[in-house]
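Contents: one structure, followed by commentary.
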């Protein structure tokens, strides 16, 4: 499917801001129309030692944008001689998305990204819309075709004092809700945390649907 990566889509991603960090989660399914094109799609990427993004939308555009933001952060670190903050990285990412979607192309560059990170000033979560606009999230956010179902769980169970361990369980519950109802989401999930100890993959499950005989 390498030659058709720009056609692949379908996602549920979740971001939760906690008192001690950020939790990012995503399912593993990528679809091409009604076809499940990839059952192990990567949708969470580390872009530095203290930041990661979730991706929804066209796979090829997301992969390109991920490479660009990682390079931009490294260049900025070298030029300034200090680590790029989460806010600066979010603005860089939004600019890349803005420029990407406005290029003339036979295929629309539709992407929806969540950026989570922690720096010396605190923990942050940003929502970068497909048009390149940027929104700082103060509680939780979901994106992709299964986000409606995920939001129902997040709205019900989130609290302002939530910590990373609790938010990990909440993210899994939110993803499970979308996996049960959204046909474009499925085949498992990945959950990553961002704290003062860095980025950790705390859950990685593969789920297979078995047809009953």
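Derivation of every value follows stated rules applied to the coordinates shown; laboratory data play no part. Please read these numbers as outputs of a predicted model, since none were measured by experiment. No Cβ is skipped: glycine too gets one built from the backbone with ideal geometry, and neighbour counts run over all protein chains shown.
A protection proxy built from the mean count of other Cβ atoms within 10 Å ranks the segments 76-83, 14-21, most packed first, as 14-21, 76-83. Going by neighbour counts of Cβ atoms within 10 Å, the residues 92, 24 line up, fewest first, as 92, 24. Between residue 138 and residue 200, the modelled label-to-label distance comes to 2.9 nm, taking each label 7 Å out from Cα in the direction of the beta carbon. Exposure proxy shown here: for 155, 72, the number of other Cβ atoms within 10 Å sets the order, fewest to most, as 155, 72.
Annotation: extensible slack from residue 80 through residue 46 equals 10.1 nm (criterion: 0.36 nm per residue apart, minus Cα-Cα distance). From the square roots a ≥ b ≥ c of the eigenvalues of the alpha-carbon gyration tensor of the stretch 41-181, which class results: rounded (a/c under 1.5), prolate (a/b over b/c), or oblate? Oblate is the answer for the stretch 41-181, as a/c is 1.5 or above yet b/c matches or exceeds a/b. Label-to-label distance for residue 98 and residue 165 is 4.2 nm, based on points extended 7 Å past Cα in the beta-carbon direction. Extension gain for residue 67-residue 87 works out to 5.4 nm (0.36 nm per residue, less the C-alpha to C-alpha distance).
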